[in-house]
1. For region 32-86, give me the residue count where each residue is surrounded by fewer than 15 Cβ atoms within 10 Å (Cβ to Cβ), closer than 17 Å to Leu148 by Cα and of a type in the set (Gly, Ala, Ser).
2. Please list, ordered by first then second residue, the pairs with beta carbon atoms under 7 Å, 6 or more apart or interchain, first in region 61-85 and farther than 16 Å from Glu179 by Cα, second surrounded by fewer than 24 Cβ atoms within 10 Å (Cβ to Cβ) and acidic (Asp, Glu).
3. Given (1) surrounded by fewer than 20 Cβ atoms within 10 Å (Cβ to Cβ); (2) touching a strand residue (DSSP E or B) at 6+ places or on another chain (Cβ under 7 Å); (3) within 29 Å of Glu120 (Cα to Cα); (4) of a type outside the set (Phe, Trp, Tyr), identify the lone condition not met by Asp229.
4. If I ask for residues that are among the hydrophobic types (A, V, I, L, M, F, W, C), closer than 18 Å to Met155 by Cβ and assigned to a loop (DSSP other than H, G, I, E, B), which ones from region 290-337 would you list?
5. Give the residues of region 162-200 that are in contact with a helix residue (DSSP H, G or I) (Cβ under 8 Å, 6 or more places away or on another chain), assigned to a helix (DSSP H, G or I) and either of a type in the set (Phe, Trp, Tyr) or loosely packed, with under 12 Cβ neighbours inside 10 Å (or both), sorted by residue number.
6. Can you tell me which of (1) within 27 Å of Ala407 (Cα to Cα); (2) touching a residue at least 60 places away in the same chain (Cβ under 8 Å); (3) of a type in the set (A, V, I, L, M) is the one Ala256 doesn't meet?
7. Residues being at pLDDT 95 or above and in contact with a helix residue (DSSP H, G or I) (Cβ under 7 Å, 6 or more places away or on another chain): count how many of those fall in region 288-303.
8. Among (1) part of a loop (DSSP other than H, G, I, E, B); (2) charged (D, E, K, R); (3) crowded, with 17+ Cβ neighbours inside 10 Å, which single condition is Glu128 missing?
Amino acid sequence: MSGGRTATSELPAAPVNGRFPLSSMQEVFCSDERHMTDRFIVVNAWRVRGRVDTAALQGALDDLVARHEILRSVFGHENDGSSYQQVMPPCAVPLLVADIEPFTGRSREIRAEELIIEAEVGRLDPYELPLIRAELHRFDDQDSVFVLVHHHLGMDGRSVGVGIRDLAEFYAARVAGREPKLPEVKQAREFAAWQRARSRDLDSAEGAAIRAYWRDRLAGAQIFTLPTDRPMPPRYSQPYSEHVYDYDEQFVASLAALARQERCSLFMVLLAGMAVLAHEVRGATDTAFRVLTSGRNEAAFQETVGLLIDFLPVRVEIADCTSFRDVLRRARAAAAGAFTHEIPMGEIAKLAPELTRPEGNPSDCFMNFIFHQQPSAAETYPIGDGAVEIRERVLEPDETGDMPFGASWNTEVIPSGRFNGGVLYNRDEFDASTIARWTAAYHRILAGAVADPGSAWREL
């Protein structure tokens, strides 16, 4: 049962050799062997209540791979050096089913989190199909942890939400003996074709205005980097680590109240705080942050599973600002301008070639700034009697999946209203104490801004 797949006639015609071009971010991944590591994985997990039909779950996983072509695609290079994607026939998803041994001294919640961490230190070869695997760990017949491991080439953050929704529908359909009810879906190769067509549209009058915006906006700018404790090696000898931080509901509510007061988004408040932190870390008052975006500007691709994410440089200049409120208003204007003129990062880099110049310095580590806000209520997926994603995490893993784009500063508002944050970094470059010091400083800056947004930002 593949349900809801786009008719072949609606897809872009394939080249004679059956290979398709890649999206902008896929090209970045495939251009460097370091990005094709078998540790560049993402792990998501759900707490499942009720009995799970393992045969139906296996079938549903296989249905998922049949529906979304990117999960069964291989990647390679043409003779001219360009990269391609080739879709392969549907294949079975490896599913581990295991009963959890009795344990003492730890709650089931902590044991569930340990299972996630154990999966995060695993591997998933991007040259072997499919690009996902799954695990079902059973406390008993009515309580399980479902873990989904995928290579980042196959799924981004939005794709996970689409994927678990589809998986739950395939599972329910198999249990009930009916056809799945899913919407038509566009494939990742269709997104790549659309993105290339949009890049060609930059030659239009409207496109000329967008190009002019980025050339003017980024003149003299460079992407923000973190100063490393040690020069980064050509290849890491250690896996990535994660420093976890957490803000409670009351603090998050106060940040949201400040955002409403200043007629901006919560993201803009966090960006303003990051601009102040950049001054504390590097003495910078003119900073272009590399902000992660969904890349899904076109509504037709909201249901697409694949690597659609992109980066957007958001330049925040604060030298002439006096208060944090001034910084916040500057961040608001910078973010609004950048997202209004959003185009692929690869196209922006062509217009501002000096933007990524720090990449050549091994003591400068690029930092991705990522913000994501979950819906206010947790969604339950019909696996068993219902599955709720595990998002509140308190354990700090010694190792996690690789993140071969430097460091990543992540903040997520989870359904409870808390912030669940983490900084992904490599110990070859940074001491754990350095990352902890920066996250503590970031909290101090935000706390000071909430207490008095009119206070001098240099004193925060």
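1. Qualifying residue count, region 32-86: 1.
2. Between residues of region 61-85 that are farther than 16 Å from Glu179 by Cα and residues that are surrounded by fewer than 24 Cβ atoms within 10 Å (Cβ to Cβ) and acidic (Asp, Glu), the close pairs are Ser83/Glu27; Tyr84/Glu78.
3. Every listed condition holds for Asp229 apart from (2).
4. Val305, Leu307, Leu308, Ile309
5. Phe170, Tyr171, Phe191, Trp194
6. Going through (1) within 27 Å of Ala407 (Cα to Cα); (2) touching a residue at least 60 places away in the same chain (Cβ under 8 Å); (3) of a type in the set (A, V, I, L, M) one by one, Ala256 breaks only (2).
7. The number of residues fulfilling the criteria is 1.
8. So Glu128 meets the others, but not (3).
The values are calculated or read from the model by the stated rules, or taken from the named source; none is laboratory data. Please read these numbers as outputs of a predicted model, since none were measured by experiment. Cβ: placed from backbone, ideal geometry, glycine included. Neighbour counts: every protein chain shown.
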